[in-house]
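Undergrad: For reference, the structure I am asking about is given below.
Nothing in this text is a laboratory measurement; each read-out follows from the coordinates by a stated rule. Just so it is clear, the structure is predicted and the values come from calculations on it, not from any experiment. We place every Cβ from the backbone using ideal geometry, glycine too, and count neighbours over all the protein chains shown.
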Amino acid sequence: MPSARPHALITGDGVWRAVTWAAGAVTVVILGGVAAFLLIDGVPALRGGSGVWGLVWPLLFGSAWAAVWALLFAVPIGVGSALFVTMVAPRRLGGLLGGAIDLLAAVPSVVYGLWGIFVVAPAASVVYAWLSAHAGWFPLFAGTPSATGRTLLTASLVLAIMVVPLISSLSREVIALVPKTHIEASLALGATRWQAIRQAVLPQAKSGIIAGALLAMGRALGETMAVAMVLSSSLRVSVRLITSENPGTVAGFIAQNFPDASGLEVNSLLWLGLMLFLLTMVINTVARRVLTKGVSK
Amino acid sequence: MAVVASLAAGLMLSACATNESPTPTTSSGEASATAVTVAPLSGTLNAGGSTAQTAAQTAWRAGFQTANSAVTVNYDPVGSGAGRSGFAAGSYAVTGTDDAFQASEMTGLAACTSDDIVEVPAYVSPIAVAFNLKSVTSLNLDGTTIAKLMTGAIKAWDDPAIAALNPGVTLPSTAVTPVHRSDKSGTTGNFTDYLSQAAASVWTYGSVQTWPTDLGGEAAQGTQGVVASIQSADGAVGYVDESQASGLGVTTVINAGGAKVSPTAAGAAATLSLSTPQAGRGATDLAYTVDRTATDPSAYPVIMVSYVVGCLHYKDAATGTLAKAYMSYVVSADGQAAAASSAGSAPLGSDLIAKASAAIGLIS
C-alpha cells in the first residue's frame, strides 16, 4: 500500500510522525523530571523530622478552600457569559464580549495581585464589616473582620476573575457544538429560550463545562503570585472567610519562604511542592476522564 | 554546517577584539589619573544574598564599577539563606546576609582555603514602627506597648497603656490591626529580636525570622505589602524599613533609658556602636549582638544589621583582590554614603568603619 503513495508524502509522513513522537516524549520526560526532582529533593524533609506534615495539611487545605470558593464564583459567571455570548447576545456583541473575556486570561497574575491589594480588598472590607455585623453568627463570617480586606474571600474573588476565561471559552466551544436543530426543535415545541437552554443545551454541554471547571480548579490551586500578594496568610486551618487569619496556600507559601530558606527548609518547600503537584495531577486526571467521556458520546 | 560555524566563530572573535581594545586604555587612564591603585582591577566578582541589601548593593556596584571600569560586580538578591549556601558552595565570592553565619555553616567553604571568614556589618537600617490612625500623626510607644500591639493584647488605640505614654493626644477607639510580614525576612528577625530584648515579659516567641503562627494579625508579603496594608486600614500598625515608611505615621520609640528616639540614621548608628561583637568568633568575624536595651538617649533600638561576608583567604588570588577591594569600598565612608542616599540606610560610624576596614585589610 505505501508504495502506491507519492514519495514526498511518505517522507512527510515519517517526519510528521517523528516530530509528534518527539513532542510527546519531551512533555512526558519533563513532567517525570519535575516529579523526580521534587521527590528526590523533598524526601530529606521527611527524614529531618522538621514537622513538614504540619505545613502540608494547613496549606493544602488553604489551597483547596480558596480554589473551591473561586469556582463557586467563577462557574456561574463563566457558564453564564458563555450562554450569553452564544445564545442570547446579537452575533456582533457576542463576538466582542467573547474576545474581551478571553483577554482576561492575558493579564499577568502580578497585575491581578496589585488590583486585589489596591482595589478589590479595600472595597470588599466595607462589605466584610457589614457581613460581620449582620451575619457574624454564621460560621463562615465569624471572627473579627479584616480592616484591610485582604481575606480568603478576596483572594478567591481575584482567583475567580483569573479562571473565568478558562471556563467561559471551553463552555462556548461545547455549547457551539450542540446541534442547532435540537434547540430549534425545543423552541418549536413551545419551550421558552431558558427552557430550551435547560433541556437541549446544558445536558449536552455538561461534560465540557465540568471539564472547564476542573481545569480552572487546577489553575486556581496553583496560582502563586496573586494569592501571595493579596492573601493575609497564616498556617491555621480555618473556614472563616473574612478575617485577617486565613489559611495560606501551598504555592503562596513556597514563593514567600523560598528566598530566605536554607538547608532542610528548602527540602520542606520542595516536599510541599510535590504534594501540590500530586493534588493538581489528581484533579487534572479527573478533568481528562470527564473530557474524554464527553468526546466519545 | 561547518562553514556556518566557522563563520560565526570568526565573527565572534572579531567582535571581541573590537570590544576589548578600548577597555584597557580607559581603565589604565583612570588608574593613572587617580594614581591610587598599583594595577587597575579587572574581572568579574559574583556576589549574592540578602534581598534587604538590594538597593544598597546596586549603589555599591555602581560606585565601585565607576571607579574600576574593567570590573563587573554581580549581585543576585536571592535571599540571605540562599546567599549563605551559595557562598559555601563557591558560587558567590561575596555574600550579603541579614543573619551572621552560624558555626555549622562555616565549614567546607568552597572558595576559601580555610574556614575563616571576614564578616562585617555593612547595611544598617532603622526599622520604623509605622501606623495609620486618622487624626494622629505621631505617637510615643515603648517596647512593651509595641509588643502588646503586635501580639493583639491591646485591641483598641485608646488603651490606657498608650494614653499614659501620650499625654495630650486624643486617641480614637479604632480597633488595632497588627500587620506583619508573611514571608521569612531579616526585618522580622531584627524586629522580633528587639521585642524579645525590650519586652521579654510580653514577647515570648524569641527572635524569629518567620512571624509566629500562634499570633493573629494581618500578614502581608514583602515591605511594600506591609506598607500597602497599613495604608489601607485605619488602625493598622506594623514594622517596615524606615526609608519605606514615608506617608505613614511613625512611632517615636521610648528606649530602655526612657529617652524618646525617632528612627534615624544617627539613632541606628548609636545603637550599633554600643553593641558588642559576638564572643567566640574569629578576629575578622565582626558579627554583632545588637544591644537593644541600650540606655543612651540617642540610641534607637529597632534596627536591622545586615552583613557583607567574604573569605579570609581566597583560593583564587584574583578573586581575593577583587573581593577585598569591593568590600573595602562597601564599608568606606563613600560606600556608606552612597547606600544612605539611595537605600536610606544608616552609615556606619567612623569607629566601625575603622574596625571593618582593618578586618577586610587582612583578606588575601
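Undergrad: If R₀ is 56 angstrom, what is the calculated FRET efficiency for the pair B:Gln278 and A:Ala176, using the beta carbon separation as r and rounding to 0.05?
TA: Working: r = 70 Å, r/R0 = 1.25.
After rounding to 0.05, the efficiency reads 0.20.
Undergrad: Using Cα pairs closer than 8 Å and at least 6 residues apart in sequence, work out the relative contact order for the stretch B:55-210, in percent.
TA: On the way: 148 pairs, mean separation 22.6, N = 156.
Computed value for the stretch B:55-210: 15 percent relative contact order.
Undergrad: In the stretch A:54-75, which residues have a backbone nitrogen under 13 Å from the label point lying 7 Å from A:Leu140's Cα in the Cα-to-Cβ direction?
TA: A:65-74
Undergrad: If you don't mind, there's one more thing I want to ask. Give me the angle, in degrees from 0 to 90, between the Cα long axis of helix B:317-331 and the longest principal axis of the Cα atoms of chain B, rounded to the nearest 10.
TA: So the helix axis and the longest Cα principal axis differ by about 30 degrees.
Undergrad: Could you let me know the centre-to-centre spacing of the stretch A:155-208 and the stretch B:46-103, using Cα atoms, in angstrom?
TA: Each part's Cα centre sits 56 Å from the other's.
Undergrad: Using 0.36 nm times the number of residues separating B:Thr170 and B:Ser246, minus their current alpha carbon distance, what extension gain do you get?
TA: 25.1 nm
Undergrad: Oh, and also: In nm, give the distance between the simple-model label positions of B:Ala89 and A:Lys206, each being 7 Å from the Cα along the Cα-to-Cβ direction.
TA: With each label placed 7 Å out from Cα toward Cβ, I get 5.2 nm.
Undergrad: With the crude spin-label approximation of a point 7 Å out along Cα→Cβ, what separation in nm comes out for B:Ser201 versus A:Ala133?
TA: With each label point 7 Å from Cα toward Cβ, the separation is 3.8 nm.
Undergrad: Let me ask another. Per the helix-only calculation at 222 nm, which mean residue ellipticity applies to chain B, given -39500 (n - 2.57) for every DSSP H run of n ≥ 4 and division by its residues, nearest 500 deg cm²/dmol? Could you put the intermediate results ahead of the total?
TA: Numbers: 12 runs with 141 residues, N = 364.
About -12000 deg cm²/dmol.
Undergrad: With charges only on Cβ, +1 for K and R and -1 for D and E, what is the dipole size of the stretch B:227-351 about its Cα centre, in debye, rounded to 20?
TA: On the way: 5 positive and 9 negative charges, 39 e Å.
Its charge dipole is roughly 180 debye.
Undergrad: Also: Starting from 0.36 nm per residue, how many nanometres of slack lie between A:Asp41 and A:Ala18 once their C-alpha separation is accounted for? Walk me through the numbers on the way to the answer.
TA: Numbers: separation 23, 0.36 × 23 = 8.28 nm, distance 3.36 nm.
Result for the pair: 4.9 nm of gain on full extension.
Undergrad: Then there's this: Helix B:333-343: angle to the longest alpha-carbon principal axis of chain B, degrees 0 to 90, nearest 10?
TA: Relative to chain B, helix B:333-343 is tipped by roughly 60 degrees.
Undergrad: Could you work out [θ]222 nm for chain A from helices alone, using -39500 (n - 2.57) per DSSP H run of at least four and dividing by all its residues? Round to the nearest 500 deg cm²/dmol.
TA: Details: 12 runs with 215 residues, N = 297.
That calculation yields -24500 deg cm²/dmol at 222 nm.
Undergrad: Enumerate the helices in chain A for which the Kyte-Doolittle hydropathy averages 1.0 or more and the C-alpha atoms extend at least 18 Å along the helix's axis, using complete DSSP H runs.
TA: Passing helices, by number: A:7-47, A:53-83, A:152-177, A:264-296.
Undergrad: Now a separate question. Would you mind getting me the FRET efficiency between B:Thr58 and B:Asp158? Use the beta-carbon distance for r and R0 = 51 Å, nearest 0.05.
TA: Numbers: r = 43 Å, r/R0 = 0.85.
After rounding to 0.05, the efficiency reads 0.75.
Undergrad: Quick one: helix B:22-34 against the long Cα principal axis of chain B, what's the angle to the nearest 10°, folded into 0 to 90?
TA: The angle comes out at about 60 degrees.
Undergrad: Now for a different question. Residues of the stretch A:52-81 with the amide nitrogen closer than 19 Å to a label point 7 Å from the Cα of A:Trp194, along Cα-to-Cβ, please.
TA: What the label zone holds, given the 19 Å backbone N cut-off, is A:76-81.
Undergrad: In nm, give the distance between the simple-model label positions of B:Ala266 and B:Ser114, each being 7 Å from the Cα along the Cα-to-Cβ direction.
TA: The two pseudo-label positions are separated by 4.2 nm.
Undergrad: Placing +1 at every Lys and Arg Cβ and -1 at every Asp and Glu Cβ, with all other atoms neutral, what dipole size does the stretch B:115-160 have around its Cα centre, in debye to the nearest 20? Can you show the working numbers first?
TA: Numbers: 3 positive and 6 negative charges, 102 e Å.
The calculation lands at about 480 debye.
Undergrad: Using only C-alpha atoms and all pairs of different ones, pull out the Kirkwood radius for the stretch B:196-332 in Å with one decimal. Before the final figure, lay out each step's value.
TA: Details: mean 1/r = 0.0559 Å⁻¹.
Kirkwood hydrodynamic radius for the stretch B:196-332: 17.9 Å.
Undergrad: Sticking with this one: Return A:Ser146, B:Ser298 ranked ascending by Cβ neighbour count within 10 Å, so the fewest neighbours appear first. Can you show the working numbers first?
TA: Working: A:Ser146 28, B:Ser298 17.
Listing A:Ser146, B:Ser298 from fewest to most nearby Cβ atoms yields B:Ser298, A:Ser146.
Undergrad: Out of residues 5 or more away from B:Thr289 or on other chains, whose amide H comes under 5 Å of its own, with H placed 1.01 Å from N in the peptide plane?
TA: It is B:Thr276, B:Gln278, by chain and number.
Undergrad: Check cross-link reach from B:Lys315 to the lysines: straight Cα distance under 19 Å, and skip same-chain residues fewer than eight apart.
TA: B:Lys324
Undergrad: The stretch B:213-241 to the stretch A:248-272: how many Å between their Cα centroids?
TA: 21
Undergrad: Distance between the C-alpha centers of the stretch B:273-307 and the stretch A:17-50? Whole Å please.
TA: Using only Cα atoms to place each centre, the spacing works out to 46 Å.
Undergrad: Could you list which residues have their amide H under 5 Å from that of B:Cys112, counting only those 5 or more apart in sequence or on another chain, with H placed in the peptide plane?
TA: Those qualifying (amide H under 5 Å, at least 5 residues apart or on another chain) are B:Lys315.
Undergrad: By count of other Cβ within 10 Å, fewest leading, how are B:Cys112, B:Cys311 ordered? The partial results should precede the final answer.
TA: Working: B:Cys112 22, B:Cys311 28.
Arranged by neighbour count, lowest to highest, B:Cys112, B:Cys311 become B:Cys112, B:Cys311.
Undergrad: Of A:Arg240, A:Arg47, A:Arg17, which has the largest mean-square fluctuation in a 10 Å C-alpha GNM of chain A?
TA: Comparing A:Arg240, A:Arg47, A:Arg17 in the GNM, the peak value goes to A:Arg17.
Undergrad: For Cα pairs less than 8 Å apart in space and 6+ apart in sequence, what is the mean separation divided by the residue count of the stretch A:216-297, i.e. the relative contact order in percent? Please list the in-between numbers first.
TA: Details: 63 pairs, mean separation 23.4, N = 82.
Taking the mean separation of contacting Cα pairs over the length of the stretch A:216-297, I get 29 percent.
Undergrad: Given +1 on the Cβ of Lys and Arg, -1 on the Cβ of Asp and Glu, and no further charges, what dipole in debye does the stretch B:143-241 carry about its Cα centre, rounded to the nearest 20? Kindly include the intermediate steps, with their values, before the conclusion.
TA: Values: 4 positive and 8 negative charges, 20 e Å.
Value, rounded to 20: 100 debye.
Undergrad: Right, something else. Give, in whole angstrom and from largest to smallest, the semi-axes √(5λ) of the equivalent ellipsoid of chain B, with λ running over the eigenvalues of the Cα gyration tensor.
TA: 43, 22, 19
Undergrad: So which trypsin sites (Lys or Arg not before Pro) in the stretch B:89-179 end up in coil per DSSP with only 14 or fewer other C-beta atoms within 10 Å?
TA: Values: sites: B:Lys134, B:Lys148, B:Lys155; in loops: B:Lys134, B:Lys155.
Here the trypsin sites (Lys or Arg not before Pro) that fit, given the DSSP loop and packing criteria, are B:Lys134, B:Lys155.
Undergrad: Grab the other residues whose beta carbon is less than 15 angstrom from that of A:Ser186, score K and R as +1, D and E as -1, and report the net. If you can, show how the numbers build up before the last one.
TA: Working: positive: A:Lys180, A:Arg193, A:Arg198; negative: A:Glu184.
Taking every Cβ under 15 Å from that of A:Ser186, the sum is +2.
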